[in-house]
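Q: The structure follows.
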Amino acid sequence: MTGARTIGWGTALPENIMTNADLEKIVDTSDEWIVERTGIRQRHIGGTTAGLATEAGRKALEKAGVDPSGIDLLILATTSPDRDIPATASTVQKNLGLECGAFDLNAACSGFVYAMVAGHGFIRSGLERILVIGAETLHQYIDWEDRNTCILFADGAGAAVIERTEGEGELLGWSLSSDGDYEEALYVDRGDKVKMAGREVFRQAVLVMERAGRAAMKQAGLEPSDISVVIPHQANIRIIEASCRRLGIPMEKAIVVLDRTGNTSAASVPLALAEALDTGRISEGDNVLLVGFGAGMSSAAAVLRWGAR
Ligand code: UT7
């Protein structure tokens, strides 16, 4: 049996921090409203998607102790590429000196979980090591006059190196889904800014997070009580709380970084995963549930047994 396990991780955030107080000067809002309704206190804005992805990817390679020549594939989950053509993964490949295939994957905020599941599949098909990155510069899409959205979205990147292992590996169960009927709830037309029906996205998000999480746990043969840590998409603290409640997993098991990062779409799950690892919240043998949702409407979940060979 051939599986894969995560052997390195890294993150990147632009230097420039934008606080809720900064937003108060731009739109009719307040720190109190933003914190109460979203949980966000500040976010990082700036940079390019390739630049942030490169920094996070480099740190993940260093942590894994892997030379760029040891990577067989780069999967870059992003919904905010630097150019329409080519894929931003090409720039990142060049920056990091990788000698391998590279492609972008767009599943909106579910992108990193999609990419992790895809990466594990590629390893089952024969590859040795894969660099998986989620990176975004959502500032490209922000309408700074729309208080419904400009308070939410931000920039950042997170990366993971996964490596082949002889054994089942860490991925115990997963679920990917998409429901195009909700395409109009959250979209960006080419050259335009983000349009969102916030309440509708909220309602659906809670439903699909539960559905995806339960499907992945079922495939893993696990109950909610078996989950040690939840790494949810960082969109809104109330969505995380409601999803945990519906999943039957105590909120104390959820990792939250959105107070400092805002919603960084495909970067949000790897940013939270890295925080959990760097702060010792995940130990060998823990069952970790990654779960996200996003435009599309996409959703994805994966159960990883940390450190499994
Ligand atoms: O990765 C996926 C990305 N998208 C999401 O996750 C979005 C999911 N949705 C949400 O997170 C929430 O729906 C929002 C944070 C976008 C909005 O929160 P809400 O509690 O659903 O507020 P609401 O849209 O129901 O609006 C309530 C009130 C409205 O005023 P009235 O009509 O009651 O007078 C809004 O105009 O709050 C007002 N409002 C604001 N007030 C101050 C909306 N945005 C703001 C704001 N500051 N920034």
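The values are calculated or read from the model by the stated rules, or taken from the named source; none is laboratory data. Since the model is a prediction, treat every value here as computed from it, not as a measurement. For neighbour counting, all protein chains shown are included, and Cβ atoms are generated from backbone atoms with ideal geometry for every residue, glycine included. Surface areas here come from the heavy atoms of the whole protein model, side chains and all, with no ligands, DNA or RNA. Shrake-Rupley method; radii C 1.70, N 1.55, O 1.52, S 1.80 Å.
Q: Using 0.36 nm times the number of residues separating residue 143 and residue 128, minus their current alpha carbon distance, what extension gain do you get? Could the numbers behind the result be given before it?
A: Values: separation 15, 0.36 × 15 = 5.40 nm, distance 4.22 nm.
The residue 143-residue 128 span can extend by a further 1.2 nm.
Q: Could you sort 40-46, 211-217 so that the peptide with the highest average Cβ count within 10 Å comes first and the rest follow in order?
A: 211-217, 40-46
Q: Let me ask something additional. How do the peptides 54-63, 139-148, 154-163 rank, highest first, by the average count of neighbouring beta carbon atoms within 10 Å per residue? Spell out each step's value before the answer.
A: Numbers: 54-63: 22.7, 139-148: 15.8, 154-163: 30.5.
Result, highest mean Cβ count within 10 Å first: 154-163, 54-63, 139-148.
Q: Using the basic label-point model (7 angstrom from Cα toward the beta carbon), what is the residue 100 to residue 83 distance in nanometres?
A: For residue 100 paired with residue 83, the spin-label model returns 2.3 nm.
Q: Shifting gears a bit: Taking a virtual spin label 7 Å from the Cα of residue 187 along the C-beta vector, which residues in the range 285-309 bring their backbone nitrogen under 20 Å of it?
A: Within reach of a label on residue 187: 293-299.
Q: If I stretch the segment between residue 35 and residue 22 completely, what's the gain in nm (0.36 nm per residue apart, minus their alpha carbon distance), one decimal?
A: Values: separation 13, 0.36 × 13 = 4.68 nm, distance 1.37 nm.
Length difference between fully extended and current span is 3.3 nm.
Q: Compare the peptides 187-196, 286-295, 101-110 by average per-residue count of other Cβ atoms within 10 angstrom and give them in order, highest first. Don't jump to the answer; show the numbers that get you there.
A: Numbers: 187-196: 13.1, 286-295: 26.4, 101-110: 23.2.
Ranked by mean Cβ neighbours within 10 Å, highest first: 286-295, 101-110, 187-196.
Q: Set Lys and Arg Cβ to +1 and Asp and Glu Cβ to -1, take the dipole of the range 65-145 about its Cα centre, and tell me which of 105, 86, 125 lies farthest positive.
A: Result: 125.
Q: Compute, for residue 184, the solvent-accessible surface of its heavy atoms (probe 1.4 Å) with the complete set of protein chains present, and express it in square angstrom to the nearest 10.
A: 130 Å²
Q: Hey, what does the equivalent ellipsoid look like for the chain, semi-axes from the Cα gyration tensor as sqrt of 5 times each eigenvalue, largest first, whole Å?
A: Details: eigenvalues 159, 104, 57 Å².
Semi-axes from the Cα gyration tensor: 28, 23, 17 Å.
Q: I've got another one for you. If the cut-off is a Cα-Cα distance under 20 Å, which lysines reach residue 59, setting aside same-chain residues fewer than 8 apart in sequence?
A: 94
Q: If you build a Gaussian network model of the chain, linking Cα atoms that sit under 10 Å apart, which residue out of 226, 181, 259 swings the most?
A: In this elastic network of the chain, the residue with the biggest mean-square fluctuation among 226, 181, 259 is 181.
Q: In addition: Given the options 230, 45, 65, identify the residue whose Cα lies farthest towards the positive end of the charge dipole of the chain (+1 on Cβ of Lys, Arg; -1 on Cβ of Asp, Glu).
A: 230
Q: Given 0.36 nm per residue, what is the gain on full extension from residue 246 to residue 62 after removing their alpha carbon distance, in nm?
A: Details: separation 184, 0.36 × 184 = 66.24 nm, distance 3.81 nm.
That pair, residue 246 and residue 62, stretches by 62.4 nm at full extension.
Q: On to the next question. Among the aspartates and glutamates, which fall within straight-line cross-link reach of residue 25, defined as a Cα-Cα distance under 12 Å, with same-chain neighbours fewer than 8 residues apart omitted?
A: In chain and number order, the partners are 145.
Q: Additional query: Give me the dipole magnitude in Debye, nearest 20, for the chain about the Cα centre, with unit charges on the beta carbon: positive for Lys and Arg, negative for Asp and Glu. Walk me through the intermediate numbers first.
A: Values: 30 positive and 42 negative charges, 114 e Å.
In total the dipole reaches around 540 debye.
Q: Once you've got the GNM for the chain with C-alpha springs shorter than 10 Å, pick whichever of 50, 118, 235 has the biggest mean-square fluctuation.
A: Largest GNM mean-square fluctuation: 118.
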